[in-house]
Structure formats: structure tokens, C-alpha cells
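S.K.: After the C-alpha cells below, expect a handful of questions from me.
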Amino acid sequence: MMRRSIWRLTAPAIVPPNLDWARGDARPDKSAIFYLNSTHHGFQVHAVTPIPDLRLTMYKFVHEGTGSVVYHIDNNDQNNAFCIGFGTPATSSRGTTHVLEHTVLCGSDKYPVKDPFFHMLRRSLSTFMNAMTGADYTLYPFATVNPQDFQNLLDVYLDAVFMPQLRQDDFRQEGHRLEPVLEEREVPAVLNDKGEEIKPAEKHTVVKELKYNGVVFNEMLGVVSEPSRHFMQELQANMLPGTHYEHLSGGDPPEVLNLTHKELVQYHRRHYSPSNSVAFVYGDLDPRPALQAVGHYYTQLHQRSAHGTGDTDDDLISTVGGERVPIPSLQQFKDAPWSHETTGPSSVMGDPAQQSKAIVSYALPPPPGRERMDRDTFVKLSVLEALLTDGPAAPMYRKLISEGQLGSSFAPMSGFAHFYSTPLLSFGVDHMDKAKTTAADVEAAVVDCLKTTAREGFDPRRVESTVFQSELSQRHRGASYGVNACIGLSAIAITNQADPAEFLNWLPTLREIANSPEQLQKMIDDLLAGNSHRMTMAVHADPEHSSKIEKKIADRLAIKNKEHADSVKVDPTVDERLRVDHEEWLRRVNRPNETDLLPSLTVRDIPPKALAEPPMRMVHDGVELIATEANGLVYVNFMIPQRPELYDPARLDAAHPLYHSTMLSPVLTSLVAGLGSKAHDFEEFDVVSQLVASGIGFGGSLAQRSEAEDEFIAGTTCGFYTTSDRLVRALDLVKQLLLEPRLAADMTAKDRQYLQTNLVDRAARKADGLQRNGHRIAAMQSYASVSYAASLGDHFAGLTQAQFLDKLKSRLTGDAADAALDEVLAARDERILDLPRRAHDLGADVWAVCDDANAEAVALALRDFRQAISGNTKVVNATPRSLSIDRTQRSAPEGVQTTELPINASYAASTYTHGLSYMSKEQQALRLGLQLVKSEFLHREVRELGGAYGVMTEATLNGITGGIAFSSYRDPTPERSIETFAKVGAWLSDSANVTQARLNEAKLRLFAGLDHPITCDTFGAKRRVNGLTPEGEQHIRDTLLAITPADVIAAASVGFAEANARSAVLAPKKATGTAEQGDAQE
């Protein structure tokens, strides 16, 4: 099962001390500057909260004019972050907040540039830039390590949210529009009575029909056909009646079409005000420049609010109100439990009759004397949820899934939904067979489990492990801590209307729980046992659900087309006016952009030296160590090389006797730890492993060697982190898995049942993820047919793997269940028993990161561990062991491979192959060219004009050199996108398109990703997993920095010359089609 962790914040990232980024002045002593009641640029310090456990201090600044709050989280982290958020509860399902989030970023007073947000992506070295809309809020966060970049982004973001232009044209592009589909028709020649031509034949462009388009409209077509998203919306709407949660904040597609531009503008005026905002400034920077910038807008808008009339549309945009918008909570709790049953979308694969979801949900009132939930209750409920549901030994998992067999996994929304103004605690099952199980069965099981747990309590070891896991998380250094903290705390401040400083440090409450865990049992009685606001909901899969939505839209469109046709009969010029209006809109959308108005870094801001990790040294045979600041944790990784025969192309032929075990490879790897060891069954192993490590799990790795593309590094990997005092116990458990495994002969009926449930759930989750990752699935299909090496991604992670698992699931849920289980267990036995043999024959690579003070003890523990699992092998891989995989390019069949699925949106992909090596100058020039063409050509053609939610480019084929790939996401015009992809080579070959200025922007965007902060958990991976040495990394960097426009043009001529092209589309299943579900068509 997939482990679900409770909400918590990890410790800030620590940038290695040998990284020398250009910084400004020395870090100031902030405690001497920002003391209580001190004033800075119109903000007064109202609170100073040191949190030693997290090595940070939080400052609360209140704006004197508006009362608006800005928080500064101070710690020694150079990845500085900012977030400003607004309370934006939905007032309808028209997607107002969602469309507004998009259009706000389409130009502002100071920066009247079309799409300044997307332009800043390539004028910045940001490590994070985004905007997001929830049911309660809209947030605008960013992060960067460059001080000037921080100020640039801050200026653009603040002007965007407070002074947006909100143009009608942008509303049509991002929201929705009714546009003509044009076609050329030939008007026959006019002849006289003698048959002589008096007027030649002419071609006229006419309106064939009308269609709906728009980025948000198309995005939500895909969202509403995802079963889990529909289920979540159904639950919140019925559990929290009379609140904004009844509405689909992202927008219900038929309702999105009712949204008007005026409504959008009015909503912005009401909600995007200083008094309705909260802002966070995070990191080691001096916050005063940020306070000055924010204060400038707060003061300006406060003055406008005091004098503006709001009588005109212009005033609606520029005059912002001064009140905080309340986030409604449930006011009337029901006095008796109730039930709700409905239908929703079906999964992409599988039997709809086995895709029901059922859940029992409780609305949780606030503690006495409070309007919203406090920190202690928040943390205790989070821990209670983890104890009830986390892991196979959890009582609710046993009752509903492993023993109860009511479903194969927990339903979406199971657990503590703290993100609502009235939180929910819910327990339910997914992939329920409605012929065998009812919602009443689930309700009875949940109620019984809660009663039993309240009476008997929890295993003390599980309480200890939950606290330990939380403490590990607090100490772990995450590279994205800052921006995640800003996002999470903004949401809490808006939804809970609480002081976010209260929610930062969980450790005091966790320690209280560890000392008196019985209080959790009392919470079950107090909050759940007598809670009458309890709903039991079931949603059954309806294969026609998506079609019904499409029909609503089609019926509305039919009316529009009829109205248009009737208008043309009365006035033939209507067609021409509509065509001209659309063409004028296109010209405005494609107008030249004055991007020079936007602030920008330059190529000179890119550090010339690659980010260097702390040095790795061999401390014992096959054991390497990185000693650096690790906050008392030890990060352990090891890889056992794979045998090359696993990647024999013949084994992926369905007729090959080893095809089944080969296709099972991802499953078998995950089951190394999934079924426990000889000493501990799956439940007990989960308990003991959570007491000593972050999570012991195995995975597979296959990566092309960066500096030798004919070689691949493949192996079985394992990684975890723990404290130094528990390291040996953790390693002992891993040794048990490898040397004393639980084999088929050891399996009890309980073990077999758990495995069956696990496999069924894996297949179901794989199918459910196809639409969410549709662009990646389509891309893997497109390059699978042109390269065997690239096809491995499709076989092990793409549509082919999903289809294989779906067939396995059918066997596991039918009469052949025992035989199917026997086959899986036999393959697992063979794979596990071969692990120590491989470690002995091929060597095992072990590396770890720890504090210098613990280095010697860690080195000895890892030495003993490696010797044990490899049988004291003399094989030591000073560099990662490589194997060869067939990279021969295939001749792709002509045409587009189309796979029809029960989805509402399409995904398109195209692959073009070439013979370039990864380290070559041409390959690096292509990387920059693809970054450039995505920004300057594809974004406009595929997203803005085509209506797709997004477009992606890849300089490799799933990490394999020898080709490039393009893909689109939730795309209403996939054929048009494929035609656009085919034009990229010619576009990049035109010197008018590849200018030095555009190339510089492409370099900034590319290096922003390359130079993302690195942290302890990733140290060593580049070298051991990808075979990339520091020297090779620096060579790539030097090559990229030296690339010229002429180099890009030359590379395009090589990369696209005689390219072997292949395209694939995932498309909605036609209601009248004859194709079987999931079948590919030419």
C-alpha cells in the first residue's frame, strides 16, 4: 500500500558550505533590528517567535494603514521564498477564482506585457514559480537563491495581483470563448446562357461551425472526468452544505461557459485587497526591501479605496475594497447521520462494477470557546489519523482492507482533511465491488473499528513510531522547505484564520502525545462516537459519466450553431464579421510583446561553476561516505547492479517464456520489502521498520551513463534516513529482507490475501493515474516504437505496463486468482534470492551522508552491512557498473497511434530521433533550442491558440539520448499540436527566431533547473546513479554557457534532418466507436 504521512513541515535545507553564491551584504543580526514594536516601512513588529527546534524565528509585521499582515520566517537558508495569498471562497461553480488566477498573470499596469508570468520564467533563476487556487484561497508563491532575482519577481508578482489589466482578450484566452472553425469552400464559376464563364470559380473562407475553447475550460474538462477529483467534490459539497464548498472552485465546464468578464473584474475588486491578504517572506534575506515593496502597494490601494467611487469598470479594477472576506464554516450541524449515493466517472481501465467508492465522514466542530481548530487539536488529530490508517498494521486498514476485504485501498479523502474551515475526518474504501459490498457494510466496519480502538487503544510501538517519524521529518533538510512553508502557512492563515506561528512547531504536542497516548482514545469518544454530523457516501462508476458532461456542452453548442445559422440566413455578413473578429483577436493575441519592460537577470548572473557537492570518499571496499552538516541524521543508499539479461529485447515479446516475469519487474522490486522477512510478516515488519527509519523500500533504477551513452547503469536500489543511534537496527532489518526473506513457502493465507489486495490496488492506481499523467503516457508511446531502449519506459511505467497490470488484476479477481498469485510469488522468490548473488557477483555500491562526528561509526556499520549482503565479495565498483542495452533506432510506422480511453481531454506527443551523444555540443545546443522554442513558439501555438493546458519538451527520450520529444496536456486540438510539433525544426533553423536575446533567456531558464538547491538526501546520486562526474558536469555547463545562436541553428539542422518521427495521441473514447477500451488505432 502507499504510505500516507501526516501533514508536517521538514527542517530547512542547508546549502553545502563550499557553494559560493554571490550574496549582498553580510547576514544581519535580525533580533537587534526587528524587535517588538519597532517600525519598518509602515509595518510594526507585533510578535517575535523563536523556534529553536526548527532553527528559525518568525516575525509578524502589521501594516499600520490597512492592518494587513506580513510574516517573515528567518533562518540560514539561501533559497529565499515569497508568497502572497488571498481569501477567495467560491460563489459559484463558474471557476471565477481559477480563471482569475490565470488572467491576473496576463499583464499589469506597470508591466503591460502579455503573459509576464511566463516571460519571467525565462528571465529568472527562480527555483519555484507558480500560482494556485484552492477552495478557500488563491496563492502566488516563488523562490530563488539570487537576491536581485527575488526583488524582480516580487515587483512583478505584486503588480500582477494588485494592478492587473484583466483584459477581455485574456479572459477569452484563459477562460472560455466561442470561436469559429473555418474552412475553404469553392464557389463554382458563373456561366451565361451560352455556357461561357462570366465569373471564375473562387475559394471563400467560411465558418463551418462554432466550438468552445479556453485554457481553464479545457483543463477542467479533464479534471471532472478524474474519479478521485469528482469523489472529493461530492464529499465536500454534501458534508459542508450551505458553504462555498458546495461549489466546484476550479469550475464545472458547462458552468464555466456562464462566467462573464465583468463578474471576473468585480470578484477581483472584492477579494484582491490588502486587508484580505496574507504574505510570507522566507529565508536569510533582509526582509526590509520586501516590506517596502509590499507596503507601497498596500498604502496606494488603501488611499484609492478611501477616495474611489467604484462606479466604472476602470474603478472596478483599480479601486480595491478594504475588508477581509470571511471564509464560511459549517454553521448548522445535523442532528442525525445520513446517507448519500450517486454516480461518477469510471476509471480508464477495469470493470466499472468494481470501481465503487464508499466513505464515512465526520465533520469536526471547533474546540469549546474557539471559532476554528487550535494547533494542539490539529496535531493530535493528524497523529490519530496516522495511527488509525497508516500502514498494514493500522486498525482501520485491517478492518476495511486487509481483513475486511471491502476494497483494495482507502478512498480519496480518507483521513484528516485539515484544509477545510470545518475539518473532516473520514474513512472509506476505493475499488469496492458493489455486487458484494455496500456502503452500509463500510459504515458498520468504520463504526466498529472506532469503538474497538477507543476501548483497546493503540500498540505502544506504533505511537512511538509515529512520534519518531514526525521528529525525523522535522530534522530532515528539504530543498523546497521555504516555499512549502509559505504555501502551507498561507493556507492555514486564510482558511483557519489563525496565527500561523502557532502551527509551525509540532514537537511540544508530539512529546505530550508520547507521554499520554490514551488521550487519543478519548478523542475518538469526544469527537466521533456521539457525532451526529456523519455521512455515509457511495459513488458508483458510470462509464457514461464523461459522455453526459460532453452532451451538456454539445447540446448548448448545437443551440449556438443553430442561432448562428439562423442569423446568417437573415444577414449573410454575420459569417464574415465573426471571421474578422476572430482573426483580429488572434492578431491581438500574437501582437509583439514589449518584454524589455520586464526586469531580468543576465547570463552573467549564472554562476560559472557547477554546484559542487561535498566530496565523497571511499572509506571501505564498496562503501563511500560524504561527511557534512546533516543535523544528526544518516542518509543511506545502496544499489545492487542488475544482470544485463533482464533487458534482452526478446523478453519483451509476449510470446517469450520470461515475458511475464520481466513485465512484473516494477512490482517485484517493490515487494522485496512489501511482504516482510522470515522473522517478521508484512504487518510486523512495517511496525518495526517505522521505529528505526524513514521508510525502508526498494526500487529499480535504469539510467543512461551520462558520459558514455552506449552504457547504462541499472540496479535495485534502496534508500532511507534515520538517526545515527538507530542506524544499525535499520541495517539489520534490510539484511533480514535480503538474507532471510519471506518466500512463497513461508506465506500464510493472510500473507497471500494481503498480496492479492496489494496487486489489485497497484493495478487500479496505475489505471487511475493514466489521465493525470496523460502527456507522459503519450510521450512514452511515441518514442517506444522508435527505440528499444526508450521503449522500456512504456513497458515498465507507461500504458503497456498499465494494460499488463489490468490483465493481472482480472485474473486476481477471478477464478484464476490462486494461480496468478503463485506465479507472482515464484517470480518474486527468484528475484529476491538473486539479490545477494548479484551483490556477490557484481558488487554492491553503498554510500551515505552523515555528520562528520558520526562518520567513523557510520562507516563501520556500512562496511559490516555490505560484507553481510555480498558475502564478503572482492568485487568493488570504483565507478558505477555499466551494462549495454540495444539503442538501435527503429523505423516507425507511418500515421498517428491513437488510443481511445474513457476520458474528456486529449494528450498528444511526437518524437524525433537523431544520433547525437549526450555530451556533444550539438546535444547541449538542442537543449537550449527546445527551451527557446517552447517559450517563443509552442506556448503560443499549443496553449494560447490551441487551448491546451500545457506543452512540454524533452531533450531526451525518457532520459535516453538519441531523440527529442514534445507533448501536450489536456489538449482540445491534438492533431493541430502534432502539426505544430512538426514545424519546430524549421522554426529553429530560422535565424530570425533564434536571437541572442532569446538564447540568453533560454540559458537562464535551463540553469534555473540545473542549479536547484541540493540537499543531503540527493548527495551522490548524480555519480552513482547517472555516472555523471563533477568534471563531466562542469564540461556540460561550460558548453551550455558558450552556445551561440549559430550553434542552435546548426544543431536543429542535425537534430531534425531525416528524423524518424512518431506521434501518439490519447483521445476520448467515441461513443459510437468500435474500438475496445484501451485499444490503439492507426
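Bear in mind these aren't lab numbers, they're just calculated from the coordinates by the rules spelled out. Predicted, not measured: the structure shown is a model, and the values here were computed from it. In this analysis, Cβ positions are derived from the backbone assuming ideal geometry, glycine residues included, and neighbour counts consider all displayed protein chains.
S.K.: Using alpha carbon centroids, what distance separates region 839-914 and region 438-514, in Å?
M.R.: 34 Å
S.K.: Among H680, H72, what is the fewest-to-most ranking by other Cβ atoms within 10 Å?
M.R.: Ranked by crowding around the Cβ, least crowded first: H680, H72.
S.K.: While we're here: Less than 10 Å Cβ to Cβ from G676, Lys/Arg counted +1 and Asp/Glu -1: what total charge do the surrounding residues give?
M.R.: Net charge around G676: -4.
S.K.: If you count, for each residue, the other Cβ atoms within 10 Å and average over each peptide, how do 354-363, 722-731, 932-941 line up from highest to lowest? If you can, show how the numbers build up before the last one.
M.R.: Values: 354-363: 26.1, 722-731: 19.1, 932-941: 21.2.
Per-residue mean Cβ counts within 10 Å order the peptides as 354-363, 932-941, 722-731.
S.K.: Do any cysteines in the chain lack another Cys Cβ under 4.7 Å, and if so which?
M.R.: Lacking a cysteine Cβ partner under 4.7 Å: C106, C449, C718, C850, C1016.
S.K.: Looking at region 900-975, I'd like the Rg to Rh ratio, where Rg is from alpha-carbon atoms and Rh is Kirkwood's inverse mean 1/r.
M.R.: Result: Rg/Rh = 1.03.
S.K.: Given only helices, namely DSSP H runs of n ≥ 4 each adding -39500 (n - 2.57), what is the per-residue ellipticity at 222 nm of the chain, to the nearest 500 deg cm²/dmol?
M.R.: After summing the helix terms and dividing by residue count, I get -12500 deg cm²/dmol.
S.K.: On a C-alpha basis, how far is the centre of region 168-199 from the centre of region 977-993 in Å? Whole number, if you could?
M.R.: When both Cα centres are located, 28 Å separates them.
S.K.: If you don't mind, another one. If packing is taken as the mean number of other Cβ atoms within 10 Å per residue, what is the order of 329-342, 833-846, highest first?
M.R.: 833-846, 329-342
S.K.: Please give the peptides 967-974, 549-556, 709-716 ranked by average Cβ packing (other Cβ atoms within 10 Å per residue), highest first, as a rough proxy for protection. Intermediate results must be reported in sequence, preceding the final value.
M.R.: Numbers: 967-974: 25.8, 549-556: 15.1, 709-716: 21.4.
Packing order, densest peptide first, comes out as 967-974, 709-716, 549-556.
S.K.: Can you classify region 393-465 as rounded, prolate or oblate using the Cα gyration tensor, where a ≥ b ≥ c are the square roots of its eigenvalues, rounded means a/c under 1.5, and otherwise it's prolate if a/b beats b/c and oblate if not?
M.R.: Oblate, because a/c is 1.5 or more while a/b does not exceed b/c.
S.K.: For region 617-870, treating each Cα as an identical point scatterer without solvent, what Debye log10 I(q)/I(0) comes out at q = 0.13, 0.15 1/Å?
M.R.: Cα-only, vacuum Debye calculation for region 617-870: -0.91, -1.17.
S.K.: Once you sort the root eigenvalues of the Cα gyration tensor of the chain as a ≥ b ≥ c, which label holds: rounded (a/c under 1.5), prolate (a/b larger than b/c) or oblate (the other case)?
M.R.: Rounded, because the longest to shortest axis ratio a/c is under 1.5.
S.K.: Can you give the Kirkwood hydrodynamic radius for region 891-1081, in Å, rounded to one decimal and based on Cα pairs? Intermediate results must be reported in sequence, preceding the final value.
M.R.: Details: mean 1/r = 0.0558 Å⁻¹.
Hydrodynamic radius (Kirkwood, Cα only) of region 891-1081 equals 17.9 Å.
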